[in-house]
Amino acid sequence: MRLLFAAALSLVAAAASAQSVAPASARVQTPVMAAIHIGPPPPIYSPQQRALSIQRLLHLGSAPTLTQTITLEPRSPFFAGQAELDMIGGDVVSGPMPGPPGTPSGSYAIASGLDRIYIPNGMIVIKINASPGKRYAFDCSAYLWSSAGGTPGVTYTILPGHGGGTVSEGSDQHFLFVMDSLPSGGHASVAMTLNTTQSAEMVFYGCQISPF
């Protein structure tokens, strides 16, 4: 599956090349981020909660029927034949604080068994083998924090096509967006980065992805 997405990932990486990735060893953990690292992951939505959230987001007359839930987490980054979680840059976290700086830095793989990803720079990439005509809701959980104040956002880019936008995190540490359908199905990539207009950091726990 990785080879099938090589071209799309190269485009995603090029889009982020303008961002400056500071050496991990130079990063200073603030007391706020230390507390966030220690905290438990946000609760996962039930399918009913996710369907209602999608209804509100898209202003639908009724909640959609979610036929499946694809769960991708750092500790379980593959959903056989359908989806894969990768990262470019960032630090993995296997305990209350980040693991060894820059591990794995600039790679396209996440080792199994990791709890979370810490990203003040870099990006998270999810690759989907989309079914024809299906839209995909991405319900992701993370802790976001900005030293500049205000509410940091997550900017997402969808390939193929030019879809994307910036979404804010809710009070329950979830952010939600929808990928439009591919009429013939096929491979798509979704890249998530922090909103570069703010000094922000993110601890990423994973996504539940629902076709509808």
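Structure data summary
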{"item": "5 angstrom amide H check on G153, placed H, neighbours 5+ away", "result": "N195"}
{"item": "Net lengthening on full extension, H59/R75 (0.36 nm per residue, minus Cα-Cα)", "result": "2.4 nm"}
{"item": "Inter-label distance, nm, simple model (7 Å from Cα along the C-beta direction), D172/Q48", "result": "1.2 nm"}
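No lab work stands behind these numbers, since they all come straight from the coordinates. Source: prediction; values computed, not measured. When we count neighbours, we look across all protein chains shown, and the Cβ atoms used for this are built from the backbone with ideal geometry, even at glycine.
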